[in-house]
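The values are calculated or read from the model by the stated rules, or taken from the named source; none is laboratory data. Everything numeric here is computed off the predicted structure, so don't read it as measured data. Every residue, glycine among them, receives a Cβ derived from its backbone with ideal geometry; neighbour counts consider all protein chains shown.
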């Protein structure tokens, strides 16, 4: 890898991390010069990184003005939450059928919860990584590599949405930890039905996105 390509990769990774952790929030316009200074590189690798981020849908480029960080649209957020809900409920239903995986999953989830409680909540990168890991462990327990790979593909959008929620309301971190504890207990109790209802409410309360499947499930239970 050439020096220039290496610089472009480093800028790409750094800017993408800024976007995923909302340190570059949606709707913000940034310039090549600003990022070049921040990363101590010339504008050429920044331009290459911006083009790659635009291709992936994280940025929208405006010649001579800069790059707009694409906000999380309500439709995108709903689609991500609906997909997560379907996959996680399916996974737990499979785990309940196959009792042999319950103990293994329960041990993994408890270890994740311990690490999550010990994590510095000011470190949103680590907090969101552990949040994502908790949910990925659930889907992986169904032992379906295709579904696990698809769920992993949602990971970056998942992390960005969690970060945005925490930045909007710092009480969200307490809610996430409390909800995760309850979800893990429901899995160990082999209660797939209540898990699905509680997961739907968890997503609705954490992300506050109207019109999701979680919204409808929660309303149905409360009715």
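Annotation note: of 110, 78, the sole residue that is surrounded by 17 or more Cβ atoms within 10 Å (Cβ to Cβ), out of contact with any helix residue (DSSP H, G or I) (no Cβ under 6 Å at 6 or more places or on another chain), more than 18 Å from residue 146 (Cβ to Cβ) and in the same structural domain as residue 198 (by TED's automatic domain parsing) is 78. Of the residues making up the range 117-128, those that are in a helix (DSSP H, G or I) and surrounded by fewer than 18 Cβ atoms within 10 Å (Cβ to Cβ) are 117, 118, 125, 126. Among residues of the range 200-215 being buried (at least 21 other Cβ atoms within 10 Å of the Cβ) and more than 15 Å from the chain's Cα centre (by Cα), the one that is modelled with the highest pLDDT is 200. One residue stands out in the range 171-190 among those that are without any contact (Cβ under 8 Å) to a residue 40 or more places away in the chain and in a loop (DSSP other than H, G, I, E, B): the one that is surrounded by the most Cβ atoms within 10 Å (Cβ to Cβ), namely 189. For the range 24-77, the tally of residues that are under 19 Å from residue 6 (Cβ atoms) and in contact with a strand residue (DSSP E or B) (Cβ under 6 Å, 6 or more places away or on another chain) stands at 2. Considering only residues in the range 63-75 that are surrounded by fewer than 16 Cβ atoms within 10 Å (Cβ to Cβ) and either touching a helix residue (DSSP H, G or I) at 6+ places or on another chain (Cβ under 7 Å) or in contact (Cβ under 8 Å) with a residue 24 or more places away in the chain (or both), the one that is nearest to residue 186 (Cα to Cα) turns out to be 74.
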